[in-house]
Amino acid sequence: MPQSPSTRLIYVLLGLCILLASCSQFEDDYHAARRARAQSNDTTAPIVIGVAWNFTDEYNAARVGECANLPVSECPVLPLGKYDMLPLGVHMAVEEINANGGVLGGRLLQIRERDDNESITQGRLVAQEFAEETDVVAVIGHAYSSISIPASPLYEFNGVIMLSPAATSPHLTHRGFTRVFRNLISDDQIGQVLADYAFAQGYRRVMIIYRDEAYGRDLSNVFETEAARLGVEVVDRRIYSSVDFERIIRDWAEQEFDAILIATSSAQDAALFIKRAGEAGINVPFLGGDGIDSSDIAAIAGEYAEGTVVATHYHQDNPRPQLQEFIQRFNARWGDLIPDYQSLWGGVPDTWAALGYDAVYILANAIEQAGITDPDQLAAYMHEDFVWLDGVTGAYRFDEKGDVVGKQVVLLRLEDGEFRYFGEFTGIDDITPPPTPEPEATTSPEEE
C-alpha cells in the first residue's frame, strides 16, 4: 500500500532524529574520551597539537618524499612553496619549547599535520579526523575563513580547541562557541582602524569598492559604520565580481572625493583597479586591509600605487624586540635549508610564520599557566585568565568570544615600490591627525 506524504515525512523526520542522535552520541564519546585522557595524569604522553592548513604541493612532496618519516625540522632540504611559512613557524616553536623541557614538568609537544586542500569539504573532513583522535588537545588552523567557519562546529562539539592564525571573518567567533579562538585581529578591527586613519588624515569624502565575497562585505561594512560615526561621508559604494572596472572608474572620475577603500582579498584585483584608476586620472590615496598586503600591488600598479596604505598584522620592520629576535632565530634555523628563501620571501619570515609561531606558544603558555590539558578547562582559562605579553606579533589576551583583545593593527604605506612600516594602532586615539593649516592672514579695515 503506498505511503501517504505525511507518513513518508514522519519516516524522514524519524530517520533524521536517529542520525542526529547517533552523531551526538559520537560527539559525546569523543568528548568524554578526550576529557578522560586529559585527566589520566599520564606525565609521559606527548601533548598533541594538530595543524590544519593549505599546504602546497612542494611542502607535501617534501613530507612524503625524502622526509616521509622525519619531522619537517629534520628534512635536509625544504623545496617549499610561497604559503608554507606557517608550518615552519609552528615547528620552530615546538623545537624551542621541547628543547627547554616541554610543559607541565617535562611533557613534550607533538605536531600532527593535515592538508585541507583549500576546500570546505576537505576542511570539514580534516576537522572530523582530528575530532576522532582523542589525544588531540587543540588544532591550529585553518587558512581561510570560508573553511574555518564550517569546520569550527566539529571542533567545538567534540571538545577540541580551535586556534586560527589566519581567519579574520567576525563570524568565526560570533556564534557563542567556547572553544574557538583566533590569534590575529579580525576584519572588524581592520575596518575600524582604516576608517579612523581616514578621518585622522582629513579625508571627509571616501569611495568604497568591494569584492563580492564575505571578506569584502565585512571590511566595507565596518569601515562605513565607523566612518559615519566620525562624520566621514561614503559618497559611493560599488560591488564587483569581475575585473571590468571601467564603468566604476568612469563614474568616479567625474566626482570629487579624498580617498578610495578597496575591500578585497585579491591583491591582483586591487592592483589592477589602482592601475586603471590612475591611468584615468584619479589621483587620490588608496586604502586596504590585509587582503592586499602584497608585493603584487607595486608590481602591477607601479607608480599609481605609491602612497597606498594597508592595515595588516605584521611587518618585518616593526621594532618590537620579540619580533626582531624571532626573525634572527628563524633565519638561523631555516634560511640555509630553503633554496628560494630570498626570491620567494625576501629573506625574512612572513606573517603566517610569525602567527603560527605565536599560536604554539599561546597554547603552551596556557597549558603551563593553567596546569591542565583538558580542552574544556583550558578554553575556560584562556577566556578568563590567560595573559601572554611576549608574542612576536603582540601581547595576547582573549575575550568571551575568543577574539584577541588589545592587539594593535599594523599600518603600512607603499613608498618607492615597497610597503614600509609606519606604526601600530588600536584606534582613533593612537593616530596623529595631520597638522591643521594656519589660517590665511587677513587685513582689517583699520590697517588699510
If we keep only residues of the range 204-232 that are within 14 Å of F286 (Cα to Cα) and among the hydroxyl-bearing types (S, T, Y), then the residue nearest to the chain's Cα centre (by Cα) is S220
Here, strands (runs of 3 or more DSSP E) confined to the range 116-218 with at least 3 residues that are crowded, with 20+ Cβ neighbours inside 10 Å, modelled with pLDDT of 95 or more and β-branched (V, I, T) are 136-141, 205-211
Would you tally the residues in the range 363-383 being part of a loop (DSSP other than H, G, I, E, B) and among the aliphatic types (A, V, I, L, M)?
-> 1
Would you check if there is a residue in the range 358-369 being among the polar types (S, T, N, Q) and crowded, with 23+ Cβ neighbours inside 10 Å?
-> no
Breaking point among (1) under 16 Å from the mean Cα position of the chain (by Cα); (2) under 29 Å from V234 (Cβ atoms); (3) in contact (Cβ under 8 Å) with a residue 24 or more places away in the chain, for I149 | (3)
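Pick out the one residue from N318, N283 that is among the polar types (S, T, N, Q), over 26 Å from G50 (Cβ atoms) and touching an Asp or Glu at 6+ places or on another chain (Cβ under 9 Å). Let's see the steps before the verdict.
On the way: N283 fails: touching an Asp or Glu at 6+ places or on another chain (Cβ under 9 Å).
Going through N318, N283 in turn, the sole match is N318.
Residues checked against (1) modelled with pLDDT of 80 or more; (2) within 26 Å of P153 (Cα to Cα); (3) assigned by TED's automatic domain parsing to the domain that holds H142; (4) hydrophobic (A, V, I, L, M, F, W, C):
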| site | (1), (2), (3), (4) |
| --- | --- |
| N41 | no, no, yes, no |
| R63 | no, no, yes, no |
| N69 | no, no, yes, no |
| V103 | yes, no, yes, yes |
| L108 | yes, no, yes, yes |
| R114 | yes, yes, yes, no |
Residue count, the range 165-194, condition among the polar types (S, T, N, Q) and over 9 Å from the mean Cα position of the chain (by Cα), comes to 4
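Let's see how each residue does on (1) farther than 18 Å from R413 by Cβ; (2) outside the structural domain of A198 (by TED's automatic domain parsing); (3) surrounded by 15 or more Cβ atoms within 10 Å (Cβ to Cβ):
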{"position": "S242", "(1), (2), (3)": "yes, no, no"}
{"position": "I248", "(1), (2), (3)": "yes, no, yes"}
{"position": "D251", "(1), (2), (3)": "yes, no, no"}
{"position": "D258", "(1), (2), (3)": "no, no, yes"}
{"position": "L261", "(1), (2), (3)": "no, no, yes"}
{"position": "T264", "(1), (2), (3)": "yes, no, yes"}
{"position": "A271", "(1), (2), (3)": "no, no, yes"}
{"position": "R276", "(1), (2), (3)": "yes, no, yes"}
{"position": "I282", "(1), (2), (3)": "yes, no, yes"}
So which residues in the range 320-362 are in a loop (DSSP other than H, G, I, E, B), more than 30 Å from A379 (Cβ to Cβ) and touching a residue at least 60 places away in the same chain (Cβ under 8 Å), if there are any at all?
-> I338, P339, D340
Residue count for the range 253-286, restricted to those that are touching a residue at least 40 places away in the same chain (Cβ under 8 Å) and within 11 Å of I209 (Cβ to Cβ) | 7
Determine whether V235 is over 23 Å from the mean Cα position of the chain (by Cα), at negative phi and surrounded by 14 or more Cβ atoms within 10 Å (Cβ to Cβ).
-> yes
Can you tell me how many residues in the range 292-307 are surrounded by 18 or more Cβ atoms within 10 Å (Cβ to Cβ), in contact with an Asp or Glu (Cβ under 9 Å, 6 or more places away or on another chain) and closer than 28 Å to S186 by Cβ?
-> 2
Positions within the range 321-350 being under 20 Å from I49 (Cβ atoms) and buried (at least 19 other Cβ atoms within 10 Å of the Cβ), in sequence order = F326, F330, W334, P349
Being among the β-branched types (V, I, T) and modelled with pLDDT under 95 is the filter here, so list the residues in the range 232-248 that pass it.
-> V243
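The values are calculated or read from the model by the stated rules, or taken from the named source; none is laboratory data. Keep in mind it's a predicted model, so treat the numbers as computed, not measured. No Cβ is skipped: glycine too gets one built from the backbone with ideal geometry, and neighbour counts run over all protein chains shown.
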